[in-house]
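Asker: Before I ask anything, here is the structure I am working with.
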Amino acid sequence: MPQKILKSAHYIELGSYQYWPVLVPRGIRLYTYEQIPLFLRENPYITDGYRAYLPARLCIKSLFILSNETVNIWSHLLGFLLFFSLGVYDMTTVLPTIGASREDYVIYSIGLFCFQVSMLCSVGYHLFCCHRSEKTSRCWMALDYTGLSIGILGCYVPGVFYAFYCNSLKPDGRVHRPFRHSCSPPYDIHTWYWRQVYLITVLAMILAVFFAQIHPHYLTQQWHRLRSVILCSVAGYGVIPTIHWIWLSGGFGAVIIQTFVPRVLVMYLIAAVAFLFYIFKVPERYFPGQLNYLGSSHQLWHILVVLMFYWWHQSALYIMHYRHSQPCLDYSLHA
Ligand SMILES: [Zn+2]
């Protein structure tokens with residue numbers, strides 16, 4: 001090892017019983033799977049390139065070195081910048097053009113804000129998971145899961161809002177006309193509840209997932225499958241309001257259903273493919289040690305999550321535009 005790099009080495013605490021040399025600022029040592037602490041051992045097919053035992057300052061510096069987390073960090077950092085830029089562009093250009101109401105701006109902002117929070121939580125976890133303290137690493141992991149739930153919430157809010165747009169009746173039976181051309185008749189006094197029912201249910205599920213993380217085993221390796229099943233359930237719950245919406249809209253023959261259901265299906269398809277990569281650790285399972293830095297399942301998962309959020313964001317704009325150009329004529333046929 002060159003002398004000048006050795007000179008910059010210092011020792012950090014490794015657990016509570018020994019010390020480990022870390023090279024700063026010239027380099028941060030990378031470890032093999034066998035060398036990292038147990039709490040970082042999630043994927044045995046990624047055999048090398050791990051950062052570990054780092055204080056917070058070096059975790060941040062590791063943003064600029066090549067490790068097996070580099071693509072994970074940068075994919076969602078760029079994802080955050082994408083949704084931030086989209087927010088600025090759409091708010092100043094697209095929404096005023098399609099005549100968005102104040103409600104549209106609020107719903108649009110909630111969706112996009114959730115996506116941005118989700119991206120930043122993920123960046124935080126992948127940056128600080130290598131912290132020398134297991135507790136700190138676990139806290140960031142909890143935040144990553146919370147961020148993902150918030151991202152899912154960001155999909156539900158505009159989806160449910162616009163799906164039940166024309167079925168919104170006020171409790172007194174008057175039609176709540178979301179925009180001035182609305183001509184939805186007051187078919188059913190109960191339909192106005194559905195938007196609130198679905199949004200409150202989703203919010204309750206996400207809060208339940210958040211508080212489940214307090215359980216001491218929730219973030220452990222043993223509960224990895226259970227965590228995945230819970231997240232899948234929160235995302236899969238969207239099928240229920242979707243079927244209800246199809247029924248309320250008059251079935252598959254309705255124009256809005258034929259236009260928008262394919263978009264919902266594409267979103268679920270992207271989510272399913274992303275989840276399969278994530279849960280089965282494909283493709284590195286078939287190429288152990290060869291995809292340590294590029295092409296691993298978690299990187300594909302990250303990219304597909306950005307793609308899914310982007311797709312849903314575009315779909316929300318699409319249906320918002322649809323609602324402003326088409327009157328609410330063909331709704332509530334079964335209500
Ligand atoms: Zn991740």
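Asker: Cβ-Cβ below 6 Å, separation at least six or inter-chain, first residue in segment 74-97 and assigned to a helix (DSSP H, G or I), second away from the ligand (no atom under 16 Å from the Cβ): which pairs?
Answerer: From segment 74-97, the pairs are F83/L112; G87/L112.
Asker: Has segment 123-135 got any residue that is in contact (Cβ under 8 Å) with a residue 24 or more places away in the chain, among the charged types (D, E, K, R) and within 15 Å of the ligand (Cβ to nearest atom)?
Answerer: No, segment 123-135 contains no residue that is in contact (Cβ under 8 Å) with a residue 24 or more places away in the chain, among the charged types (D, E, K, R) and within 15 Å of the ligand (Cβ to nearest atom).
Asker: So, in segment 38-73, how many residues would count as being away from the ligand (no atom under 15 Å from the Cβ), part of a loop (DSSP other than H, G, I, E, B) and of a type in the set (S, T, Y)?
Answerer: 3
Asker: So which residues in segment 85-116 are farther than 14 Å from L317 by Cβ and crowded, with 19+ Cβ neighbours inside 10 Å?
Answerer: Scanning segment 85-116 gives C114, Q116.
Asker: Determine whether H131 is buried (at least 21 other Cβ atoms within 10 Å of the Cβ), of a type outside the set (F, W, Y) and over 26 Å from C232 (Cα atoms).
Answerer: Judged against the criteria, H131 is a match.
Only the coordinates and a few stated rules stand behind these numbers; no lab work does. Being a predicted model, the structure only gives us computed values, none of them experimental. Heads up, the Cβs are rebuilt from the backbone with ideal geometry, glycines too, and the neighbour counts pull from every protein chain shown.
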